[in-house]
Amino acid sequence: MNPDFKTASFKVDYRIQCKADGRQIPLLFLAQQYSGAFKVRVDGHEVNVQDVPAQYDFSEGSPFFQFSRSFPDRISQGEAATTTIHWSKQDRSLYQLRDLKYFETSLEEGVHQIQVEYIASTWVDRSDWVKVYSLPYALMPAKYWNSFGTLTITLDASDFSKSLQSNLGKPQRGKMDAIAYWSFDEIPLDFLQVSYTPEISALAKTLIQFGPECLGLFLGLLLMILHFFWLIRYKKANPEKSMNKPLLLGSIMVPFLGILSYLYSFELIDQLIGQEASRFHGYTFLVWLIYPVLVLGYWLIGKAFLLLFANKNNANI
């Protein structure tokens, strides 16, 4: 794992039992978030690794002839081309073609060791305020093997000085900020994931807890109180004047400024978070659709407030 958690090196060792001599069907490997340097060694000898082509046929003689159930078709093209893998009749998954590698080799009957190495880039989750970086690894295919022995996972985060999380839970040996170890005699989950969430300031955390909705509502209520206070002073100083214009002005400006403060709160929090801000907040501008409703509602509340104030003054007189 590199010091900035942007990439990591995966090293995977398999021990497989081959039941017959001869050339095997293409051995498929899923390398999610594949970045580069993909190498495969079979019994210590490096073999040629190939990309799954964007278009392939299943005619007899094709290397994918016996993969016809796994690769039903090509469903998209381009840099983000995808295909469906049928792990079984019931289970299928959609993957990016660039994350799939395969190799062919001849194996003698018996036990063989396959070593796979590659570099993967981190996946960035922008669904929350702060980016969450993660490295996924698919363990799921192993549950479709004819048999499964043991699984040992080693996480070396010695070069990374910050706190990491894993969906494997607490390490059985070692530490997450150094070298951690897990051992299993069955597949613990479908996908192994190691993630990192950057730290942010206490002020940013506080504002996130309040949220833009509370911040916008707070400023809107503050402006409303100030406006009503001004209306009272204006009415006392000008008892004969109509209050329609001052009330209408406030009905337009207070909701407008409240919505602006709500929208600006997103930018304010993002600025406090810094470069690790996800800046993905959806269609917040659609809040302007309720502006006419807020103006009408504010005007009605203001009208009722002025009537109560007038009735109170008349009662005092």
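Residue check: TYR262 meets all listed conditions (1) farther than 30 Å from ASP128 by Cβ; (2) among the hydroxyl-bearing types (Ser, Thr, Tyr); (3) in a helix (DSSP H, G or I) but one, namely (1). Listed by first and then second residue, the pairs linking a residue in the stretch 221-240 that is over 16 Å from ILE252 (Cβ atoms) to a residue that is at pLDDT 90 or above and open to solvent by less than 70 Å² (accessible area, probe 1.4 Å), with Cβ atoms under 9 Å apart and 6 or more places separating them unless they lie on different chains, are LEU221/GLY258.
Residues considered: SER265, SER242, SER261, SER251. Of these, the only one that is small (Gly, Ala, Ser) and modelled with pLDDT under 90 is SER242. In the stretch 92-117, the qualifying residues are those that are under 10 Å from VAL52 (Cα atoms) and among the basic types (Lys, Arg), and the one that is most open to solvent (accessible area, probe 1.4 Å) is ARG98. Residue count for the stretch 118-127 satisfying the condition of being farther than 30 Å from PHE266 by Cα and open to solvent by less than 60 Å² (accessible area, probe 1.4 Å): 2. For the stretch 1-16, the candidate set comprises residues that are surrounded by fewer than 16 Cβ atoms within 10 Å (Cβ to Cβ) and not in a strand (DSSP E or B); within that set, the residue that is modelled with the lowest pLDDT is ASN2.
Scanning for something in contact with a helix residue (DSSP H, G or I) (Cβ under 6 Å, 6 or more places away or on another chain), not in a strand (DSSP E or B) and not aliphatic (A, V, I, L, M), does the stretch 107-117 turn up at least one residue?
No, there is no match, as no residue in the stretch 107-117 is in contact with a helix residue (DSSP H, G or I) (Cβ under 6 Å, 6 or more places away or on another chain), not in a strand (DSSP E or B) and not aliphatic (A, V, I, L, M).
Acidic (Asp, Glu) and at pLDDT 75 or above: is that true of ASP57 in this structure?
Details: acidic (Asp, Glu): yes; at pLDDT 75 or above: no.
It is false that ASP57 is acidic (Asp, Glu) and at pLDDT 75 or above.
Residues of the stretch 128-152 that are of a type outside the set (D, E, K, R), assigned to a loop (DSSP other than H, G, I, E, B), surrounded by fewer than 16 Cβ atoms within 10 Å (Cβ to Cβ) and touching a Ser or Thr at 6+ places or on another chain (Cβ under 9 Å): THR150 alone.
If you go through the stretch 276-289 and keep only what is within 20 Å of THR206 (Cβ to Cβ) and either open to solvent by 50 Å² or more (accessible area, probe 1.4 Å) or in a loop (DSSP other than H, G, I, E, B) (or both), you end up with SER278, ARG279, HIS281. Out of TYR262, TYR291, one residue alone is more than 30 Å from ASP125 (Cα to Cα), out of contact with any strand residue (DSSP E or B) (no Cβ under 7 Å at 6 or more places or on another chain) and in contact (Cβ under 8 Å) with a residue 24 or more places away in the chain. It is TYR291. The set of residues in the stretch 156-210 that are within 23 Å of SER121 (Cα to Cα), open to solvent by 50 Å² or more (accessible area, probe 1.4 Å) and under 22 Å from the mean Cα position of the chain (by Cα) comprises LYS162, SER163, GLN165, ASN167, ASP190, PHE191, GLN193, THR197, GLU199.
The values are calculated or read from the model by the stated rules, or taken from the named source; none is laboratory data. Note that the structure is a prediction, hence the values are computed from the model and not measured. Every residue, glycine as well, gets a Cβ built from its backbone with ideal geometry; the counts of neighbours run over all protein chains shown. Only protein heavy atoms, including side chains, enter the accessible area calculation; ligands, DNA and RNA are left aside. Shrake-Rupley method; radii C 1.70, N 1.55, O 1.52, S 1.80 Å.
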